[in-house]
Amino acid sequence: MKKNNGFLFSLPVILLVLIFFVYPLFDVFRISFMEWTVIGTKKYIGFSNYLKTFQEFEFWQSLSNTLIYTIMVTPLIFIPALLAAILLKSNNTRNSILRTIFFIPCTISLVASSYIWNWLLNDSYGIFNYFFIKMGFVSEGINWFSSTWSARVIICISVAWKTFGFSMIFILAGLSSISPDIYEAAEIDGCNKKRAFFSITLPLVKPTLMLALILSIAGSFKGFDQFLIMTGGGPMRTTQPIIMYINKVAFNAYDMGRSAAISVLFLLILLFVSYQQIRLGGYYDDD
Amino acid sequence: MMTIKKKNITKEIFVYLIFIILSAIFLFPIYWTFITAFKPSAEILKYPPRLIPATCTLDQFNKLFTAGNGVFLQYIKNTVIITIGTILLVLFIIIPCSFSFALLPYKGQKIIFILVLSIIMVPFQSLLVPLYNLLTKLKLFNTKIGIILIYSTFFMPFCIFMMRNAFKQLPKAIYESALLDGAGDFMIMMKIYLPLCIPSVVSCIIYLFINGWNDFILSFIFSSSDKVRNIQVGINLFGKERFTSDWGIINTGTVIAIIPTVILFIILQKYYVQGMTTGAVKE
Amino acid sequence: MKKTFCLIIIVLMTFTNVFAQGGMEATKESKPVMLTVWDSNAGIEGVVNKFNEKMESEGRNVRAKFELIPYDQQVPKFIASLNAKTAPDIYSLDVVQYPYFISIGAFTDITDVYESMPYKNSLPKGMLPVGSKDGRVYALPYELDLSSIIYNKDMFRDAGLDPENPPQTWDEFTIACRALTKDLDGDGVTDQWAFAEVGNSGGGYMFWFMPWIWGNNGRMFDDSGNLVLNSPEVKETLQYWYDLIYKEKVVIKTSINWGSGDRYNAFVARKIAMYLGGNFNISSLQTDAPDMDFGVCLIPRNRGQNASFAGGNMIGITSQSKNVPEAKEFLKFAFSEDVLVETYAPNLALVPRADLYDNKYYKAIPQMSIFADILAASRTPVSLKYNLIYEPVLYYFQGALLDKIPVNKAVEECATEINRLIK
């Protein structure tokens, strides 16, 4: 290895990473062992923030809300994405227009999509309730956010609408990387379309599928905007995700120490998911 | 022969019809928000709602831009400044860094690369408290620079990965022969390598723009005044107004927030998709 | 490897410290005095502008600048700024927050300003204790919000009710509600509702539901600050609201998930006949529903007296202000007759001085005449940890009204939870 400017070239990035990533990463662990209510002094109190968190019903409630949401929204994103990717695989004008259309909601923000859906579903002036009344499903406007499960379903539908195009593009990229020669060879060997899909396409595209799945799960775990805007966590905190809880403990109850402890727990849970993302994404395996 | 062809045409028409209906339903939410933004206030709260507005006006836009002494314009300005600042800062620091990762090995480089990539693994949502602590200490809380630095840190790993791959794909011999001609590393990067990697740079820019423009939680937590808040937080402020809830203003704000990203996507689709799917397919 | 890592961390820590100190030096104040004024209410901008005009005409190098703080962020942002030592000079903050911030010393003693005010006896007496501690004054009532009921007089007439005699007791209220709930087009579905109850915000329950509890002789805290929420009076009040929804069927059920803006919209769209609003709705109703004949009345009582929640903002000087004399001058200026009447009264915002209520702007609007009475009936609960009350109140009261928790159990568990939190 001869001497070059490599280190100098990466120095700004190294500084940024150290100050805004490595230091906070250590700090979150440090703060999680402290009693610190923003105003006033900090003092180390061992594991009591963690113990307090484990005893808090709201913590388990928020965690299970996040899990339920992830379990509900993942198939809602994934199945349409897989279907769309398979149907729109071949390149022609119709397919590329449809791909574009399906991808448009991915480019808008969660804030925007949440308000769009809130307005569609408004109990008094929303167009969806009007359709439902006209079709005779309901007799009067329903407030979809006043019961736990309808609120959850609505949030999942709006997020699936917004993000499924992303998974679709992802899977399409994986599908298009399969060389057509393989199919030709299979056809010569007398393999029909159905078998070709299950024994050639699926195994070859599996890593991409897994990565898309992991990305979507990680995204669901980090959900916050859609909950804050669509339900504010209600009714009775049943749609309050863990990030909203972290945020509330820190910036509404000013209990920075406990918020850091919850953050650490969240981080540890998510680390497993994220590790799979890095592994499947092939970020490391080049040299 | 004829009947088969006829059957095919009917089938084609049928398929197209289904696709048209499907995409119409799919885009209906966006359509509904758009036309609400152009309805007069009285019509917005009318029941039954009208699918096609009886009259089109710019009242809602007028109301949105005059509310609170034009604070919404300020939000748009902030968002543009912060997004462009992030793009410039990230490009400025990651291009040399990616170049070094691709062509200029040094001791400990691998660890730094892993460190950069581990940012992808650690969700910034779990670092809100320490980041808040850090920004307060650095006197960067509620400043555009503070938000730019945080955006840069957490949005750059993907770009580094993308640029490094782009640099790596070019033959190493170019670098070696240029070195023999007496060119410096910086000149080689700027004059030879970078021009060949422009598509990747464009993808990075789009990726950063979309992420910066659409961010909510970071701006929500690390800004406290109208001088710093971005457009997404601004819409939420209008939406969470205390004693009124003006759906005209909310829908209009939403329309303004989605137009830039949608247009950018439609114009630069190819780069956009490339940027978003890096890492999906192993080359 | 480990060594390198440790080294990096040490370098890093040093860096952050250097930055921190560098930053501090950079923010040394410049010569001209600049007062920062925070408020969740944009109205004060007019006061700031008038103050700046005055200072300019007097040739003094003192200016004020205004920053709007969104209502739901006024506490987090204040905490953040106190922590970062960037608190404003003057803060007009929600009245209920003062006991806590005064107790941690976030506000400066302004007893001398209060004593020097010739009109100090016209300031609302129900609110003054909230801004005082141990006989010293730290904050003064400034922008008032009073909870009340706003009703549609045309709908009263159509239902055979006297629009000039709105219901004063629960019994009268129930009777009026029955008459006001109608199926206008005869399809078996109610399309005009009598009333909408508080929905999805804890602050909303405090501001609009608490006066019903007071009107039934219930309380949240007794005089020595103990929680007395767990009482038959409170349970009875919540049961009354529950019955209005499920027994009388006169309250639109979806309203349990509404915000105050949704109630306002429903009233403007003539979907409901009465709603829980306040003085802050009067001027916007005039623009949004110009042809509606509406009235304002007190929240009905049962066993106690008609009551209203005296909310809104009190104004004080923070303890981090470096320009206390100028800030005091600003305060005195902000309370002067000209400034109050010409800045707030034209927008029908309530001014804090009772001696200014017969100004020409209020007199021009018939609906404003009742607010002097409402002000006299109003009160503010005092709690050091008021913020922590919101969550349980919302959780249990909304839970009871959504029929998810039995009423008695909701009140009992709410009291237990609040006690646990404020302990």
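The values are calculated or read from the model by the stated rules, or taken from the named source; none is laboratory data. What you see is a predicted model, and the numbers here were worked out from it, not measured in a lab. Positions of Cβ are backbone-derived with ideal geometry, glycine not excepted, and every protein chain shown enters the neighbour counts.
For this structure, a couple of remarks:
- Count - residues of the stretch A:227-240 that are more than 10 Å from chain B (Cβ to nearest Cβ) and in contact with a Ser or Thr (Cβ under 7 Å, 6 or more places away or on another chain): 8
- A Cβ distance below 7 Å, combined with a sequence gap of six or more or placement on separate chains, defines the contacts here; from the stretch B:153-177, residues that are part of a loop (DSSP other than H, G, I, E, B) reach residues that are modelled with pLDDT of 90 or more and of a type outside the set (A, V, I, L, M) in the pairs B:LEU170/B:TYR193.
- Some residue of the stretch A:128-146 being touching a residue at least 40 places away in the same chain (Cβ under 8 Å), within 8 Å of chain B (Cβ to nearest Cβ) and out of contact with any Cys (no Cβ under 9 Å at 6 or more places or on another chain): no
- Within the stretch C:99-115, the set of residues being assigned to a loop (DSSP other than H, G, I, E, B) and of a type outside the set (S, T, N, Q) comprises C:ILE104, C:GLY105, C:ALA106, C:ASP109, C:ILE110.
- Single unsatisfied condition, C:VAL75 versus (1) over 21 Å from B:ILE221 (Cα atoms); (2) crowded, with 19+ Cβ neighbours inside 10 Å: (1)
- Residue match in the stretch B:155-167 (condition: surrounded by fewer than 16 Cβ atoms within 10 Å (Cβ to Cβ) and more than 10 Å from every other protein chain (Cβ to nearest Cβ)): no
- Listed by first and then second residue, the pairs with beta-carbon distance under 8 Å, at least 6 apart or on different chains, first residue in the stretch B:217-230 and more than 10 Å from every other protein chain (Cβ to nearest Cβ) and of a type in the set (Val, Ile, Thr), second surrounded by fewer than 23 Cβ atoms within 10 Å (Cβ to Cβ) and outside any helix (DSSP H, G or I), are B:VAL228/B:ASN142; B:VAL228/B:THR143.
- Checked against the criterion of being within 14 Å of another protein chain (Cβ to nearest Cβ), free of Cβ contacts under 8 Å to residues at least 40 places away in the same chain and in contact with a helix residue (DSSP H, G or I) (Cβ under 9 Å, 6 or more places away or on another chain), the stretch A:48-56 has at least one qualifying residue.
- Residue in the stretch A:110-151 that is modelled with the highest pLDDT, counting only those that are under 20 Å from A:SER62 (Cα atoms), in contact with a Ser or Thr (Cβ under 6 Å, 6 or more places away or on another chain) and assigned to a helix (DSSP H, G or I): A:ALA151
- Failed condition for C:MET292, given (1) assigned to a loop (DSSP other than H, G, I, E, B); (2) not assigned by TED's automatic domain parsing to the domain that holds C:GLY199: (2)
- Any hit, the stretch C:231-239, residues being of a type in the set (A, V, I, L, M) and over 30 Å from C:ASP288 (Cα atoms): yes
- Tally of residues being at pLDDT 95 or above and not in a loop (DSSP other than H, G, I, E, B) across the stretch C:208-261: 23
- Residue among C:ASN323, C:ASN347, C:ASN359, C:ASN302 that is assigned by TED's automatic domain parsing to the domain that holds C:MET210 and among the polar types (S, T, N, Q): C:ASN302
- Residue count for the stretch A:107-127 satisfying the condition of being more than 7 Å from chain B (Cβ to nearest Cβ) and under 26 Å from the mean Cα position of the chain (by Cα): 5.
- Residue match in the stretch C:52-61 (condition: surrounded by 20 or more Cβ atoms within 10 Å (Cβ to Cβ) and over 20 Å from the mean Cα position of the chain (by Cα)): yes
- Taken over the stretch C:259-306, the criterion of being among the charged types (D, E, K, R) and either without any contact (Cβ under 8 Å) to a residue 24 or more places away in the chain or in contact with a Ser or Thr (Cβ under 9 Å, 6 or more places away or on another chain) (or both) is satisfied by C:ASP262, C:ARG263, C:LYS271, C:ASP288, C:ASP291, C:ARG301.
- Hits in the stretch B:236-254 - residues which are closer than 19 Å to A:SER113 by Cβ and assigned to a loop (DSSP other than H, G, I, E, B): B:LYS240, B:SER245
- Qualifying residues in the stretch A:241-273 (those that are touching a residue at least 12 places away in the same chain (Cβ under 8 Å), over 17 Å from A:PHE224 (Cβ atoms) and surrounded by fewer than 23 Cβ atoms within 10 Å (Cβ to Cβ)) - the one farthest from the other protein chains (Cβ to nearest Cβ): A:ASP255
- Contact map, the stretch B:38-61: first residue more than 12 Å from every other protein chain (Cβ to nearest Cβ) and loosely packed, with under 14 Cβ neighbours inside 10 Å, second residue assigned to a helix (DSSP H, G or I) and of a type in the set (D, E, K, R), Cβ cut-off under 9 Å, separation 6 or more or different chains; pairs are B:ALA54/B:GLU43; B:THR55/B:GLU43.
- Total residues in the stretch A:66-92, condition buried (at least 18 other Cβ atoms within 10 Å of the Cβ) and under 19 Å from A:MET244 (Cα atoms): 5
- Any hit, the stretch B:69-91, residues being under 30 Å from B:VAL233 (Cα atoms) and outside any helix (DSSP H, G or I): yes
- Residue identified as among the β-branched types (Val, Ile, Thr) and part of a helix (DSSP H, G or I) among A:ILE229, A:ILE178: A:ILE229
- Filtered by the rule that a residue be more than 10 Å from chain B (Cβ to nearest Cβ) and among the aliphatic types (A, V, I, L, M), the stretch C:70-112 gives C:VAL75, C:ILE79, C:LEU82, C:ALA87, C:ILE90, C:LEU93, C:VAL95, C:VAL96, C:ILE102, C:ILE104, C:ALA106, C:ILE110.
- Residues in the stretch A:28-45 that are out of contact with any Phe, Trp or Tyr (no Cβ under 6 Å at 6 or more places or on another chain) and part of a loop (DSSP other than H, G, I, E, B): A:TRP36, A:ILE39, A:GLY40, A:THR41, A:ILE45.
- Criterion (surrounded by 11 or more Cβ atoms within 10 Å (Cβ to Cβ) and within 23 Å of A:PRO105 (Cα to Cα)) met by exactly one of B:LEU27, B:LEU17: B:LEU27
- Considering the stretch B:191-216, and only residues there that are without any contact (Cβ under 8 Å) to a residue 24 or more places away in the chain and surrounded by fewer than 23 Cβ atoms within 10 Å (Cβ to Cβ), the residue that is nearest to B:ILE145 (Cα to Cα) turns out to be B:ILE198.
- Across the stretch C:131-187, the qualifying residues are those that are assigned by TED's automatic domain parsing to the domain that holds C:ILE90 and without any contact (Cβ under 8 Å) to a residue 60 or more places away in the chain, and the one among them that is surrounded by the most Cβ atoms within 10 Å (Cβ to Cβ) is C:VAL137.
- Applying the set (1) more than 11 Å from chain A (Cβ to nearest Cβ); (2) over 30 Å from B:SER245 (Cα atoms); (3) free of Cβ contacts under 8 Å to residues at least 40 places away in the same chain to B:PRO123 leaves exactly one unmet item: (1).
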